[in-house]
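Chemist: Shown below is the structure under consideration.
The values are calculated or read from the model by the stated rules, or taken from the named source; none is laboratory data. As the structure is a prediction and not an experimental result, all values here were calculated from the model. Here the Cβ positions follow ideal geometry from the backbone for every residue, glycine too, while neighbour counts run over all protein chains shown. Just the protein is used for accessible areas: all its heavy atoms, side chains included, with ligands, DNA and RNA removed. Shrake-Rupley method; radii C 1.70, N 1.55, O 1.52, S 1.80 Å.
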Amino acid sequence: MAGYGYAGPATCRNRAAGGGPGGRTARRRGYGDRVTAYAAVVLAGGAARRMGGRDKPGVPVGGLPMRERVLAAVADAAPRVLVGPAGPVPDDVLVTREQPPGGGPVAATAAGLAPLPPGTTTVALLAADLPLLTGEAVATLRAALDADTDADGVCLVDDRARRQPLCGVWRVAALRAALDRLTARRGGTLDGASMRELLAELTVRELPWTGSGPPPWFDCDTDSDVRRAEEWTR
């Protein structure tokens, strides 16, 4: 998920469906006044070098852009925050883009957590190129985290048992503390930091997917991946 940068507080906007870069300042709609079950942060600013640098989250799978499919999987989250160029998004989605872009997924995570209201305890942290993600998968992750009081987060592992940290659910306080420690170790910057660095000191539960349907952890880095995802959605 390369393609992010972090240089202080991010600006949040709310984009109406079909809106463009001139979106209006976000209307928070009372999010700061209530505790929600969970929030969702979707990282959508990768450079997509293996796909010619185009707007990868905007590539359609099954007739819908990948970012829309991911946002739909967390339709019950509040707030939903998209980090990166938005394109058309639902009206209640907060859009943030740190300046300058180009710092990687950890910097984007920091920007995505910044607008969460006080009292938000749990966040789904997701890449925007997960077209097979479902609400069922997110609910499974949330239930696993609720059941494991010692874990700071739960993420899926792929068919090779590789951790997929951008397909997981995390305790907000633990993530923020890890971000603060990593920022201090790196001399005040998160530019170029890796998810491995961020999660090194956290207790992470790795969860194989055993549910029905195609694997929700499947991400699309190439055109071949997109074609494979299309086949699964038919």
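Chemist: Being open to solvent by 10 Å² or more (accessible area, probe 1.4 Å), part of a loop (DSSP other than H, G, I, E, B) and touching a Ser or Thr at 6+ places or on another chain (Cβ under 9 Å) is the filter here; which residues of the stretch 135-186 pass it?
Modeler: 148, 150, 152
Chemist: Answer with yes or no whether residue 208 is modelled with pLDDT of 95 or more and touching a Ser or Thr at 6+ places or on another chain (Cβ under 6 Å).
Modeler: Values: modelled with pLDDT of 95 or more: yes; touching a Ser or Thr at 6+ places or on another chain (Cβ under 6 Å): no.
Judged against the criteria, residue 208 is not a match.
Chemist: Here is a check on your reading of the model: is residue 140 among the β-branched types (Val, Ile, Thr) and modelled with pLDDT of 95 or more? Spell out the reasoning first.
Modeler: Details: among the β-branched types (Val, Ile, Thr): yes; modelled with pLDDT of 95 or more: yes.
So residue 140 passes the test.
Chemist: Report the residue count in the stretch 54-71 for those that are in a helix (DSSP H, G or I) and in contact (Cβ under 8 Å) with a residue 24 or more places away in the chain. Give the steps one after another, and end with the answer.
Modeler: We begin by selecting, within the stretch 54-71, every residue in a helix (DSSP H, G or I); these are 56-58, 66-71.
Restricting the remaining residues to those that are in contact (Cβ under 8 Å) with a residue 24 or more places away in the chain gives 56-58, 66-67, 69-71.
Looking only at that region, the number is 8.
Chemist: Quick check on my filter: what residues within the stretch 92-123 are part of a helix (DSSP H, G or I), of a type outside the set (Gly, Ala, Ser) and buried (at least 23 other Cβ atoms within 10 Å of the Cβ)?
Modeler: Hits for the stretch 92-123 are 105, 106, 109.
One line per residue, one yes/no per condition, for (1) open to solvent by less than 70 Å² (accessible area, probe 1.4 Å); (2) modelled with pLDDT under 95:
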position	(1), (2)
33	no, yes
36	yes, yes
46	yes, yes
49	no, yes
61	yes, no
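Chemist: On the given criteria, is residue 82 modelled with pLDDT of 85 or more, open to solvent by less than 40 Å² (accessible area, probe 1.4 Å), touching a helix residue (DSSP H, G or I) at 6+ places or on another chain (Cβ under 6 Å) and within 29 Å of residue 119 (Cα to Cα)? First the steps, then the outcome.
Modeler: On the way: modelled with pLDDT of 85 or more: yes; open to solvent by less than 40 Å² (accessible area, probe 1.4 Å): yes; touching a helix residue (DSSP H, G or I) at 6+ places or on another chain (Cβ under 6 Å): no; within 29 Å of residue 119 (Cα to Cα): yes.
Here the answer is no, as residue 82 does not meet what is asked.
Chemist: Suppose the filter is assigned to a strand (DSSP E or B), under 13 Å from the mean Cα position of the chain (by Cα), without any contact (Cβ under 8 Å) to a residue 60 or more places away in the chain and under 21 Å from residue 192 (Cα atoms); does residue 126 pass it?
Modeler: On the way: assigned to a strand (DSSP E or B): yes; under 13 Å from the mean Cα position of the chain (by Cα): yes; without any contact (Cβ under 8 Å) to a residue 60 or more places away in the chain: no; under 21 Å from residue 192 (Cα atoms): yes.
It is false that residue 126 is assigned to a strand (DSSP E or B), under 13 Å from the mean Cα position of the chain (by Cα), without any contact (Cβ under 8 Å) to a residue 60 or more places away in the chain and under 21 Å from residue 192 (Cα atoms).
Chemist: What residue, among those in the stretch 187-218 that are part of a helix (DSSP H, G or I) and in contact (Cβ under 8 Å) with a residue 40 or more places away in the chain, is most open to solvent (accessible area, probe 1.4 Å)?
Modeler: Going through the stretch 187-218, the residues part of a helix (DSSP H, G or I) turn out to be 195-199.
After this cut, where a residue has to be in contact (Cβ under 8 Å) with a residue 40 or more places away in the chain as well, the list is 195, 197-199.
Working: 195: 20, 197: 69, 198: 4, 199: 8 Å².
Looking at residues that are part of a helix (DSSP H, G or I) and in contact (Cβ under 8 Å) with a residue 40 or more places away in the chain, I get 197.
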